[in-house]
Amino acid sequence: MQDIDKALYRKAVGYTAKEVVEEYGGESGELLRRKVSKKHVPPDMSAIKTYLERVKDENDLSVLSDGQLERLKRKLLEQLQDNQEKK
């Protein structure tokens, strides 16, 4: 999964982020206070819709060429054979 796909998925399902607030002051600009909290970011509906469309397009075999379908077929048959040998 590429970085964009990962970010889209994360936004689609929601996530928890760390939020850091630092307060500086004084003559030397020293750190006076630091507050770390967790913030929940809820799922985003437009991200869900976009993610589902991308997944649907990736699984649409009708857009593949004959050569691509043949390579996919060989790959899947090899995986089946490997799984049978492991049993």
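Using the Cβ-Cβ distance between ASP5 and LYS39 with R0 set to 22 Å, the FRET efficiency works out to roughly 0.40.
Counted over all Cα-Cα pairs of the chain, pairs farther apart than 15 Å make up 76 percent.
As a quick test, which of the pairs LYS49/LYS86; LYS6/LYS35; LYS6/LYS73; LYS18/LYS49 have an alpha carbon distance above 30 angstrom in this structure?
Checking Cα-Cα distances, LYS49/LYS86 exceed 30 Å.
Measuring between their Cα centroids, the range 1-33 and the range 43-87 lie 34 Å from each other. In the chain, what percent of the accessible surface is made up of carbon and sulfur (1.4 Å probe, ligands and nucleic acids excluded)? Accessible surface attributable to carbon and sulfur in the chain totals 51 percent. Rounded to the nearest 10 degrees, the inclination of helix 45-58 to the longest alpha-carbon principal axis of the chain is 30 degrees.
Accessible area per residue for the chain is 91 Å², calculated with a 1.4 Å probe on protein heavy atoms, without ligands, DNA or RNA. Taking amide H atoms as placed 1.01 Å from N in the peptide plane, the amide H of TYR15 lies under 5 Å from those of VAL41, each 5 or more residues away in sequence or on another chain.
The values are calculated or read from the model by the stated rules, or taken from the named source; none is laboratory data. Bear in mind that the values here come from a model prediction, so they are computed numbers and not experimental data. Every residue, glycine as well, gets a Cβ built from its backbone with ideal geometry; the counts of neighbours run over all protein chains shown. The protein model used for the area step is the full one, side chains on, heavy atoms only, and it has no ligands, DNA or RNA in it. Shrake-Rupley method; radii C 1.70, N 1.55, O 1.52, S 1.80 Å.
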